[in-house]
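Structure first, then comments.
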Amino acid sequence: MGLQVWKFLFFGFVLLMSPNAVAGFDEALAAYTSKDYEKAMNEWGPLAAQGDPKSQMGLGLIYLNGNGVAKDETQAAYWFRKAAEKGNAKAQVQLAVMYFNGQGVNKDIIEAYKWLNIAGVKGHPDRIKISEQVEKSMTAEELSEAKKRLEESIKKRSGCAKAP
């Protein structure tokens, strides 16, 4: 993904901050923006451990890009998954990209499809572009399995939605 997409993914999730984590998150974001990655880690770390999905996304980006830490795609995927499971659409897209590329996780286009479409249920705009690329690389059997996993995942999370 290009630098512009990364910036969009990173700064876009600022708009969805939870009220309880605003002060620490804002401090971490300011530190990250000014390239004080140690401070960003110190602010986001406790918030992420408490379950704040925006902070989990921030830690994922730090590890993915190797900002102030050794680049660790496995650790990045861990934090993106935590945020994705909490409903963070940007983390869901990022996790899907990691599955598609085999970054920090085993390459799995079925999981990539699933996470992209979960993000799509939440209306994430980048999902469409990436989803088209994923679907083009899938066999009919993989697409069928992916739709099955997606429907199971959506039912598990909401109990009512149907897969596309």
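Full extension of the chain between residue 101 and residue 152 gives 16.0 nm of extra length, using 0.36 nm per residue less the Cα-Cα distance.
Beyond 17 Å, the tail of the calculated P(r) for the range 51-122 holds 34 percent of the Cα pairs.
For residue 67, neighbours were defined as the other residues whose beta-carbon sits under 12 Å from its Cβ, and their charges (Lys and Arg +1, Asp and Glu -1) total 0.
Relative protection proxy for 138-147, 101-110, 81-90, from highest mean packing down: 81-90, 101-110, 138-147 (other beta-carbon atoms within 10 angstrom). If the segment from residue 42 to residue 74 were pulled out straight at 0.36 nm per residue, it would be longer than the present Cα-Cα gap by 9.5 nm.
Put a dot 7 Å past the Cα of residue 143, heading toward its Cβ, do the same for residue 27, and the two dots end up 5.0 nm apart. Summing Lys and Arg as +1 and Asp and Glu as -1 over all other residues whose Cβ lies under 11 Å from the Cβ of residue 27 gives a net charge of -2. In terms of other Cβ atoms within 10 Å, 55, 131, 158 run from fewest to most in the order 158, 131, 55.
Bear in mind that the values in this text are calculations on the coordinates, not laboratory data. As the structure is a prediction and not an experimental result, all values here were calculated from the model. Please note: Cβ atoms are built from the backbone with ideal geometry, for glycine as well, and neighbour counts cover all protein chains shown.
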